[in-house]
Amino acid sequence: MAEGAVQAGEVAAAVEASPLVITCLTTFEDTRTTLEPAASALSGRALVTLNSGSPADARAMAVWATGCGARFLAGAVKNVPAAVGAPDTLLYYSGDKTVFDEYETTLKVLGGDTVHLGDQSDLAALYEMAVGAMLLPALVGFFQDAVAVQARGLDVSSMVRFAGKWLDMIKSLLPVYAEEIDGGDYTDAASSVNLFLAGAAHDRDLTEETNVDTAWLAPLHDLLERAAAAGHGDHSIAALTEVLRKSAQTA
């Protein structure tokens with residue numbers, strides 16, 4: 001507002017102010033509830049949503065938005081809030097490509113690494129959840145290590161550089177694992193399931209020595225054991241995807 005923006009007194013006034021409407025709320029339900037009073041004003045406008053939610057939520061939002069006469073584009077910010085506006089911040093979108101093409105320059109203000117995934121309205125939500133699933137396990141692993149280091153009277157900051165290098169190494173392996181999974185061939189095992197199983201014993205040793213709770217790893221160890229029992233012991237660790245993959249009947 002200090003730079004000349006006008007604060008709308010109600011949602012309808014904000015929607016009517018521009019042919020492009022960008023929302024940034026927590027969930028699709030929050031977005032829909034907030035926009036309900038302005039539903040009639042959405043007709044003919046481009047609606048871009050930046051919120052979390054499942055692919056099913058995104059599809060439902062698309063039905064509602066297009067039902068209001070809006071051109072709909074679903075988006076996701078794949079970074080922390082403070083990174084919004086940076087040239088390398090990733091945002092991806094899915095849905096009406098004409099909206100993306102028309103307003104791409106505007107959308108890049110939010111983040112320079114801006115990608116349109118496809119015309120299906122739920123792709124941004126799918127990728128947000130699929131990629132985002134890596135975050136909590138990685139963070140809990142770091143927090144476990146922090147407790148272990150502190151148990152020796154050391155500062156957690158002393159291991160940050162090494163943890164970062166480790167994450168860089170993991171990043172370098174992702175294309176290799178992706179190729180194995182896409183091809184369904186896990187026989188070229190640089191790191192096998194059995195190798196990870198052997199390492200599980202060290203996790204138990206860490207519990208005893210540092211008094212850190214490693215119980216959260218039990219389901220991961222179970223996953224390794226099931227993969228080995230299914231004949232993947234000597235296969236690449238990427239073979240865990242075959243254990244994670246439920247049958248069509250089960251799904």
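The values are calculated or read from the model by the stated rules, or taken from the named source; none is laboratory data. The model shown is predicted, which means the values in this text are computed figures rather than measured ones. Positions of Cβ are generated from backbone atoms using ideal geometry, with glycine treated the same way; all protein chains shown enter the neighbour counts. Remember, those area values only see protein heavy atoms, side chains included, never the ligands or the DNA or RNA. Shrake-Rupley method; radii C 1.70, N 1.55, O 1.52, S 1.80 Å.
Checked against (1) open to solvent by less than 90 Å² (accessible area, probe 1.4 Å); (2) part of a helix (DSSP H, G or I); (3) not small (Gly, Ala, Ser), Val115 passes all but a single condition, namely (2). Do we have Asp88 as closer than 20 Å to Gly53 by Cβ, open to solvent by 20 Å² or more (accessible area, probe 1.4 Å) and in a loop (DSSP other than H, G, I, E, B) here? Here the answer is no, as Asp88 does not meet what is asked. Give just the number: which of (1) open to solvent by less than 80 Å² (accessible area, probe 1.4 Å); (2) in contact (Cβ under 8 Å) with a residue 24 or more places away in the chain does Leu126 not satisfy? So Leu126 meets the others, but not (1).
Select, from Leu73, Leu50, the only residue that is within 22 Å of Ala12 (Cα to Cα), touching a Phe, Trp or Tyr at 6+ places or on another chain (Cβ under 7 Å) and crowded, with 19+ Cβ neighbours inside 10 Å. Matching residue, one of Leu73, Leu50: Leu73. Counting the residues of the stretch 16-57 that are outside any strand (DSSP E or B), of a type in the set (A, V, I, L, M, F, W, C) and within 23 Å of Thr105 (Cα to Cα) gives 4. The set of residues in the stretch 180-200 being among the small types (Gly, Ala, Ser) and either closer than 10 Å to Ala238 by Cα or without any contact (Cβ under 8 Å) to a residue 12 or more places away in the chain (or both) consists of Gly183, Gly184, Ala189, Ser191, Ser192, Ala198, Gly199. Of all residues in the stretch 143-161, those being part of a helix (DSSP H, G or I), closer than 21 Å to Thr207 by Cβ and open to solvent by 60 Å² or more (accessible area, probe 1.4 Å) number 4. Only one entry in Ala13, Ala8 is open to solvent by less than 70 Å² (accessible area, probe 1.4 Å), out of contact with any Ser or Thr (no Cβ under 8 Å at 6 or more places or on another chain) and assigned to a loop (DSSP other than H, G, I, E, B), namely Ala8. For the stretch 26-37, a tally of residues being crowded, with 19+ Cβ neighbours inside 10 Å and more than 24 Å from the chain's Cα centre (by Cα) returns 1. Of all residues in the stretch 217-236, those that are more than 20 Å from Gly183 (Cα to Cα) have Cβ atoms under 6 Å from Cβ atoms of residues that are aromatic (Phe, Trp, Tyr), 6 or more apart or on another chain, in Leu224/Phe196. With the condition kept exactly as written, say whether any residue in the stretch 96-112 is under 25 Å from Ala133 (Cβ atoms), in contact (Cβ under 8 Å) with a residue 40 or more places away in the chain and under 16 Å from the mean Cα position of the chain (by Cα). Looking through the stretch 96-112, none of the residues is under 25 Å from Ala133 (Cβ atoms), in contact (Cβ under 8 Å) with a residue 40 or more places away in the chain and under 16 Å from the mean Cα position of the chain (by Cα).
Residues of the stretch 9-27 that are within 16 Å of Ala39 (Cα to Cα) and hydroxyl-bearing (Ser, Thr, Tyr): Ser18, Thr23.
Conditions (1) at pLDDT 95 or above; (2) not β-branched (Val, Ile, Thr), marked per residue:
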residue: Leu139; (1), (2): yes, yes
residue: Leu154; (1), (2): yes, yes
residue: Ile181; (1), (2): yes, no
residue: Asp185; (1), (2): yes, yes
residue: Asp188; (1), (2): no, yes
residue: Gly199; (1), (2): no, yes
